[in-house]
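See below for the structure under consideration.
The values are calculated or read from the model by the stated rules, or taken from the named source; none is laboratory data. Being a predicted model, the structure only gives us computed values, none of them experimental. Here Cβ is always computed from backbone atoms with ideal geometry, including for glycine, and neighbour counts include all displayed protein chains.
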Amino acid sequence: MGKIWRSLKTVAGLFSAIALTQFGANTSAIAADTVVVRLGLFTESITLTELQKAVKTGKLPGSLQSLSEEQRRFFLGALGMNIPMNVVTLDRLINTQIGTTILNDFATALARKDKAGVQALRAGLVLGSTAPQGLSILSFIAAYPSKRLEIDLPKAWVVAGNLNTAFWRTQQFMLAIAPQLDPTAHPGTPQIAFPFDPSQPGSAQVKILNLSLNDRKRDRQIPVDIYWSTAATPDKPVIVFSHGFGSVRTDLRYLAEHLASHGYVVAALEHPGSNQANANLAFQGKTRVMKPQEFLYRPQDISFVLDELAKLNQTANYPLQGKLATTNAMVVGYSFGGGTALALAGAELQLERLKQRCKKNLTILSLGENMQCIAQELPENSYQLRDPRIKQAIALNPTTSLIFGETGLTKIQVPTIVLAGSADKTTPALTEQIVGFDKIPSPKSLVGIIGGTHLSVKDPSTTLDQIGQPNTPISGGEVVGEQAADVRKYVKAIALSFAAQMTPEAKNYAIFLTPDYAQFASTAAFPFRLITQIPPDAMAVVKEFVEQ
């Protein structure tokens with residue numbers, strides 16, 4: 001696996017180098033023989049022969065010698081790389097949503113009059129990988145479909161800076177977690193027959209009840225939207241939603257409506273100390289971003305809501321009287337809410353290591369890790385917040401890396417699904433979901449969305465602010481709205497099928513919680529993966545990361 005990881009790091013370097021040189025590949029009949037580098041008013045023309053000589057001598061031609069020592073080492077190292085990567089694997093990666101995004105980023109540094117930079121890069125990566133020595137910058141040049149390449153060096157440095165080894169390690173993991181699937185199979189090609197489509201809405205008309213529940217003991221006013229229909233029955237679990245940090249209870253509205261149309265009652269609540277309203281006050285300097293007690297209050301909010309729903313279930317003439325199975329509940333949490341869901345499922349907050357880690361340099365942490373560091377102010381080192389009424393849990397892009405310590409996730413006591421997006425910058429998949437998933441007891445499933453970003457699972461109404469956002473190494477570049485429709489469709493299918501495992505219809509839906517259905521539901525933009533255990537090759541990626 002060490003060889004695979006070294007090849008992966010080389011791919012990362014190669015992509016970054018492409019950002020510096022934007023070499024592509026097509027056929028040698030129209031090979032590029034000149035590269036023009038632009039740096040403000042400065043331009044430098046470099047021939048293929050000069051670059052080949054640079055690899056042998058270690059000396060850059062002409063004015064490129066004025067680059068910094070670090071840039072020169074990077075440039076020369078990239079030129080000398082050869083990557084023996086399987087052409088099928090490479091083709092699969094660059095034709096995903098995230099692969100297209102990467103190529104679009106690289107193309108911003110490439111000046112072409114025909115605006116065909118992305119197509120040329122895609123062809124170059126695939127055809128270049130068929131060379132005997134493997135993919136390399138020089139093999140790109142030898143086949144690029146233009147006599148002259150022109151790049152903007154400052155833009156190229158920006159693109160290269162957006163890439164990091166953790167991102168590429170996650171891509172390798174995602175491609176490795178389902179080796180039993182045929183990598184050449186076309187997305188949507190069924191290996192077996194599926195009886196129906198669980199992503200389609202049910203026949204019942206969805207209604208919404210808006211509640212405002214007052215927890216006097218904790219002085220918490222908790223808004224709750226109840227999604228339900230006349231098809232609701234007590235043999236189906238109540239499903240409770242926990243939103244992300246600084247967000248709203250409509251985070252997953254599309255999913256709540258979908259489940260309600262199939263006869264489930266969904267309670268989407270809002271956590272008052274970590275919602276959007278609180279974030280807005282913090283932005284104005286009127287309150288803290290979040291108090292450490294929120295790590296405890298959030299699970300307690302859900303327990304309180306279940307208490308109140310149990311009372312409503314006994315209330316005469318109430319629309320939901322006798323329909324609420326509050327002792328047989330499922331929790332669905334997104335992002336920070338994913339961590340909340342896992343805590344309710346039994347994961348123990350273990351803060352000793354977190355308190356040590358969060359005293360160090362926080363600038364190298366992700367946004368998700370920084371948020372977890374707020375918990376270091378809690379007085380105790382461990383907290384158990386499990387609610388025995390929670391019988392299943394779904395954690396979408398959850399935060400787990402610090403808050404549950406070394407063994408907190410091993411204490412989960414219910415079937416669990418963890419979803420991870422390969423292009424998630426806020427809660428990076430490897431650190432926040434994959435390492436933690438290995439610690440969760442079975443039965444469990446890990447759902448991998450290749451190309452999925454942090455906000456891809458959210459309701460489109462809550463991602464309108466992403467339009468025009470800059471793409472940086474720690475934020476932006478979100479695939480949302482209509483672009484992420486395939487992701488939301490798959491989330492609807494697996495959430496409904498998982499909820500059905502708590503009903504008499506369990507057997508009818510079990511087939512949709514399999515790797516075969518993940519393959520079938522995959523699209524060209526978003527290949528999906530579902531596993532119940534991490535296979536050895538992929539586990540080696542995890543172990544290498546943990547041992548760093």
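Okay, residues lined up against (1) β-branched (Val, Ile, Thr); (2) surrounded by 20 or more Cβ atoms within 10 Å (Cβ to Cβ):
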position	(1), (2)
285	no, no
289	yes, no
295	no, yes
308	no, no
325	no, yes
For region 439-473, what are the residues that are touching a Lys or Arg at 6+ places or on another chain (Cβ under 9 Å) and closer than 21 Å to residue 390 by Cα? 441, 446, 447
Does residue 543 count as free of Cβ contacts under 8 Å to residues at least 24 places away in the same chain and within 30 Å of residue 354 (Cα to Cα)? yes
Note on region 31-78: residues aliphatic (A, V, I, L, M) and at pLDDT 75 or above are 46, 51, 54, 55, 60
Tell me, please, whether a residue that is at pLDDT below 95 and surrounded by fewer than 24 Cβ atoms within 10 Å (Cβ to Cβ) can be found in region 488-498. no
Looking at region 206-244, which of its residues are surrounded by fewer than 23 Cβ atoms within 10 Å (Cβ to Cβ) and of a type in the set (D, E, K, R)? 207, 215, 216, 217, 218, 219, 220, 225, 235
Run down 260, 193, 268 and say which single residue is more than 19 Å from residue 303 (Cα to Cα), in the same structural domain as residue 320 (by TED's automatic domain parsing) and either free of Cβ contacts under 8 Å to residues at least 60 places away in the same chain or not polar (S, T, N, Q) (or both). 260
Take the residues of region 428-458 that are among the polar types (S, T, N, Q) and out of contact with any Phe, Trp or Tyr (no Cβ under 9 Å at 6 or more places or on another chain): which is farthest from residue 103 (Cα to Cα)? 442
Given the structure, is residue 484 under 14 Å from the mean Cα position of the chain (by Cα) and under 24 Å from residue 249 (Cβ atoms)? yes
Can you say whether residue 397 is more than 28 Å from residue 526 (Cβ to Cβ) and not hydroxyl-bearing (Ser, Thr, Tyr), as far as the supplied structure shows? no
Do we have residue 391 as part of a loop (DSSP other than H, G, I, E, B), in the same structural domain as residue 527 (by TED's automatic domain parsing), in contact (Cβ under 8 Å) with a residue 60 or more places away in the chain and among the basic types (Lys, Arg) here? no
Evaluation of residue 392 against (1) in contact with a Phe, Trp or Tyr (Cβ under 8 Å, 6 or more places away or on another chain); (2) of a type outside the set (Gly, Ala, Ser); (3) buried (at least 23 other Cβ atoms within 10 Å of the Cβ); (4) under 30 Å from residue 486 (Cβ atoms) (one fails), failing number: (3)
Among residues of region 228-252 being of a type outside the set (S, T, N, Q) and outside any loop (DSSP other than H, G, I, E, B), the residue nearest to the chain's Cα centre (by Cα) is 241
Selection count, region 279-300, where residues are in contact with a Leu (Cβ under 7 Å, 6 or more places away or on another chain) and either closer than 18 Å to residue 227 by Cα or of a type in the set (Phe, Trp, Tyr) (or both): 1
Yes or no: region 315-333 includes at least one residue that is of a type in the set (D, E, K, R) and assigned to a helix (DSSP H, G or I). no
Tell me, yes or no, whether region 521-531 has at least one residue that is touching a His at 6+ places or on another chain (Cβ under 8 Å), in contact (Cβ under 8 Å) with a residue 24 or more places away in the chain and either buried (at least 21 other Cβ atoms within 10 Å of the Cβ) or within 26 Å of residue 259 (Cα to Cα) (or both). no
Identify, by number, the condition in (1) outside any loop (DSSP other than H, G, I, E, B); (2) buried (at least 16 other Cβ atoms within 10 Å of the Cβ) that residue 263 doesn't meet. (1)
